[in-house]
Amino acid sequence: MPRAKSLPQKLVKVANCNSSASTWVFLVKEDALGRANGGQPEIVQLKHPASNKPAIFLFSPGNLTVQEVLIFDEKKRSWFIDNNVKSDGKLYLSTPIDPIFLALPYLKKSQLAQPLEQCLWDEDFPETSRLAHCENLNLSLVADCKGEESLQAFKYNEEKSLNWLQKKVEKVMHVLKEKGVHVSQGAMSATYVKSTKYEIGTETEYLKYAYGIVSEYLAEDLSKKLAQHLNICNELENKKRQLSSPEDKTDDKKIKKDSFEESSVSETEKQTKDANKSEKAQKSTAPGKKELARQRAAAGSKSITSFFQKK
């Protein structure tokens, strides 16, 4: 599902060295570079909250903010950098992400209240501990806090999490409306829209579209619970059925075709068996060789009673 994100105010190119063979073309907001603090941003691998697979993220100096790194890779694309040609035409783009999305799977995994450092410990992704230093990591929005401020422990709270996610969905929905993004079913582009039918989406369509964007960062079970919390679960199920209906119809046609062929084959076999039975019956009722010989011998002979008739 496409994303509706505001364009960066200022874009800069980041290259990790002068050699064109190892140069990246990177679009990033200048405030994420932290040049005022004299530090350097760092690119690390973290676990994606939806897929649990490695994904690339960018931490600002001091780990104050975190951004997701999106990679646009198209075939037959290259870059002209200075006097060199870079054959790898990938484009890297960083976009801000709320660190709570990245911390949420770790909170859900723990059944007990744990300190933040212990909760964010991941042996496979050790850089996850950087999230503890992010300025906007307010886990009290999705968890219960226990203990003093210096030794706080956090325990996952599902009701708080769903309420927080609902606010995120509503915020995205507001941006979609403000930007005039076409969310109606079948709307491809505002350039080709001729009727006002698709120009303004309904409240439900915007809600479902915003939910789809937010659910890209949620595990499947939490995504389903959020849909139920937003009362759009039934509509999403109907949409899935509509999307899968062409395949289902094809399968039904295939099943009907197979059953028709099977019935045709069985009917043909039945007719063949009946023909064989009738042929055998005819053979069984037909006179044998001895009977035919006896009939030929008796042809032309008189009956024995004819000798006792009056002359």
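Take residues that are loosely packed, with under 14 Cβ neighbours inside 10 Å and out of contact with any strand residue (DSSP E or B) (no Cβ under 9 Å at 6 or more places or on another chain) and tell me which of the strands (runs of 3 or more DSSP E) falling wholly in region 42-148 contain 1 or more.
Output list reads 84-86.
May I ask you to verify whether residue 178 is of a type in the set (D, E, K, R), on the phi < 0 side of the Ramachandran plot, open to solvent by 50 Å² or more (accessible area, probe 1.4 Å) and modelled with pLDDT under 85?
No.
So which residues in region 81-99 are more than 23 Å from the chain's Cα centre (by Cα) and β-branched (Val, Ile, Thr), if there are any at all?
If the condition is that a residue be more than 23 Å from the chain's Cα centre (by Cα) and β-branched (Val, Ile, Thr), then 81, 85 are the ones that fit.
Conditions tested, residue by residue: (1) in contact (Cβ under 8 Å) with a residue 40 or more places away in the chain; (2) within 26 Å of residue 223 (Cα to Cα).
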{"position": "28", "(1), (2)": "yes, no"}
{"position": "47", "(1), (2)": "yes, yes"}
{"position": "57", "(1), (2)": "yes, yes"}
{"position": "66", "(1), (2)": "yes, yes"}
{"position": "70", "(1), (2)": "no, yes"}
{"position": "81", "(1), (2)": "yes, no"}
{"position": "116", "(1), (2)": "no, yes"}
{"position": "122", "(1), (2)": "yes, yes"}
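The values are calculated or read from the model by the stated rules, or taken from the named source; none is laboratory data. Note that this is a predicted model, so its numbers are computed, not measured. Note that each Cβ is placed from the backbone with ideal geometry, even for glycine, and that neighbours are counted across all protein chains shown. Remember, those area values only see protein heavy atoms, side chains included, never the ligands or the DNA or RNA. Shrake-Rupley method; radii C 1.70, N 1.55, O 1.52, S 1.80 Å.
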